[in-house]
1. When the chain is fully extended, how far beyond the present Cα-Cα distance does residue 206 get from residue 228, taking 0.36 nm per residue of separation?
2. Taking the Cα-to-Cβ direction at residue 299 and at residue 264 and moving 7 Å from each Cα, how far apart do the two end points lie in nm?
3. Taking 25 Å as R0, compute the FRET efficiency from the Cβ-Cβ separation of residue 244 and residue 280 and round it to 0.05.
4. Output the relative contact order of region 6-142, whole-number percent, from Cα pairs under 8 angstrom with separation of 6+ residues.
5. Residue 184 to residue 79: extension gain in nm, 0.36 nm per residue of separation minus the Cα-Cα distance?
6. With a cut-off of 8 Å between alpha carbons and a minimum separation of six or more residues, what is the relative contact order of the chain in percent?
């Protein structure tokens, strides 16, 4: 299995592997130039397969949840592989995170991974050809570009599932990080975390991150936010800052939503890089995406992809210090 390393001229460094197009490490400077690996992960590729945490992976064919593991497209019901109670999470039991991607192109600062997903993969229709490109720029930005085509009508929702801790992957909890999310609304969910179909205002709720707030909720978060300025081609999604070292990550995206997940299931049982045991809230995800269960929610932005069309998506994570 090939491991690739990307660098820029300011010392930032990214390592990724073919399995799941996983970002294994991302070294980011603080306000004194000190580097820290800001993403959770494992030392061995085998550990990514044995722990269902999706550390650093591209997840698909449909990121997030599809209720009852089924949807209807053009009058046909498609039954998916259920892997979270009766629902389909992140593409099923053998999603894109557990598949080997081919390295299609590689430079010192960018890599393109390519994957072929056959018709019927985890129940999804159509043969899908997907690519993801990681680019490190000299202004300390990580650009993530996706594209895909299909030979039959299908649905698609891809995201990058890195868990970030801007103090370093072994620094403990992200409680105390400061977070802004550019969203006036969110999608409420039921007990199984499937959207009810509503789009509700964040005002007056625990989901109001429109102004910078310290993450301090012991319950944690696992919710999709409806980004403001949805018509903008590239919009602000979130700003995450660690006040201890001053590292800041600004996320912009072409996607209409972002899922905030604060590592609520981590409980110390998973051994990560350098023998670190990841406790609850050891990292958080900002998964830029279309909304969960969109194939079953006609009022949500469509995730359909048809022959002759091209799916494209871009997310940029820009790192700075202050």
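Derivation of every value follows stated rules applied to the coordinates shown; laboratory data play no part. The structure presented is a predicted model; accordingly, all values stated were derived computationally and were not measured. Cβ atoms come from the backbone with ideal geometry, glycine included; neighbour counts cover every protein chain shown.
1. So the extension gain works out to 6.2 nm.
2. Taking the simple label geometry, residue 299 and residue 264 are separated by 2.3 nm.
3. 0.85
4. Across region 6-142, relative contact order equals 23 percent.
5. Contour length minus Cα-Cα distance gives 34.4 nm.
6. Once divided by the residue count of the chain, the mean separation gives 20 percent.
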